[in-house]
1. Using a ≥ b ≥ c from the Cα gyration tensor of the stretch 194-269 (square roots of the eigenvalues), is it rounded, prolate or oblate, where a/c under 1.5 gives rounded and otherwise the larger of a/b and b/c decides, a/b for prolate?
2. Just the number, please: percent antiparallel of the DSSP beta bridges in the chain, rounded to the nearest 5.
3. Mind scanning 157/237; 43/276; 157/269; 32/289; 157/276; 32/195 and naming the pairs with a C-alpha gap bigger than 24 Å?
4. Which is the longest part of the chain that has none of the GluC sites (Glu not before Pro) sitting in a DSSP loop with at most 13 other Cβ atoms within 10 Å?
5. Using Cβ counts within 10 Å as a stand-in for footprinting exposure, how do 248, 15, 60 rank, fewest first?
6. Pick out the long, greasy-scoring helices in the chain: whole DSSP H runs spanning 27 Å or more along their own axis by Cα, mean Kyte-Doolittle at least -0.5.
7. Between residue 126 and residue 149, how high is the FRET efficiency from 1/(1 + (r/R0)^6) when r is the Cβ-Cβ distance and R₀ = 35 Å? Nearest 0.05.
8. What is the distance, in nm, between label points placed 7 Å from the Cα along the Cα-to-Cβ direction at residue 194 and at residue 106?
Amino acid sequence: MENGALLDTIGNTPLVELCAMSPKEGVRIYAKLEGQNPTGSLKDRIAKNMIEKAEREGNLDPNVTILEPTSGNTGISLALVARLKGYKIKVVMPDSVSPERTQLLEAYGAEIIYSEGRYGSNGAIALAQEIMSKSSNGNYFMPYQYGNEANPEAHYKTTGAEIVRDLPEVDVFIAGLGTGGTLMGVGRRLKEHRKDIKIVAVAPEPDEAIQGLRDLEEGFIPPILDLSLLDSRVMAKSIDAFRGTRELMRREGIFAGISSGSVIWAAMKVAESMDKGNIVCLLADGGWKYLSTGLWTKDSEQMEREARGKIWW
């Protein structure tokens, strides 16, 4: 099967300086805008790499259905690649995700199986694995982003290489902790470039919910995640993600998703501890999939009240 030309546009996303966001002179903050990928998120990179690896290894043919647990973005990216390559796809995701994600998946022709939202992405993983275990005729293929080395490999070969190319003087890299693929792949590439570059993960505080980020204290550690590669972990609250996302739009005009707000908030905290240097933040997706939350239109008091009650995502 031939790739659609659209797949060739994945990656090479802009790296822009956030001139209004740094709290200290001498520290410069840059944002890698992954919302510029075809489906609006960094997951296009890993979806393409995982599917093409499966093709090379003979794990896919037109009679096999792709099955993947997801919180939304990976499923959408896989659905795009599947559509262009002619594969059927089913995704398992929490029923608490934003309606835009459902609409995009349906538009790309994916079948959706919902897991209980209160169990988050861990519940989606468990349900997808149950479906696989009950399928005895090999009619499903699960890329399994949480344990597939093609996930960090995509970021090593592309995202990390692009940062080295565009900003060789990078001192700190900050990204949200989800599957761990971005932090592992980019982290390995940047550490090869210069061993003293700091790799910082952003994760939600216990009992906090930030769409796209993973709390390791819940008990599931993705197999691809090597915690020794991380120099530090910053814990964010949902209200921090909210404020960071709003400030990105207000100060820089960048329309980004909720996890990106937590990454920017963390970058500003890290910047306060530095005398000088360059920080690169990875903004995982654009804001389009979150419009139904009313994030950019509700007044601050209402949004903070809803964030405390975990209503708005």
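1. Oblate.
2. About 15 percent, rounded to the nearest 5.
3. 157/237; 43/276; 157/269; 157/276
4. In short, 170-313.
5. 15, 60, 248
6. none
7. Working: r = 22 Å, r/R0 = 0.63.
With a Förster radius of 35 Å, E is 0.95.
8. About 4.9 nm, to one decimal.
Bear in mind that the values in this text are calculations on the coordinates, not laboratory data. The structure displayed is predicted, hence computed values, not measured ones. Heads up, the Cβs are rebuilt from the backbone with ideal geometry, glycines too, and the neighbour counts pull from every protein chain shown.
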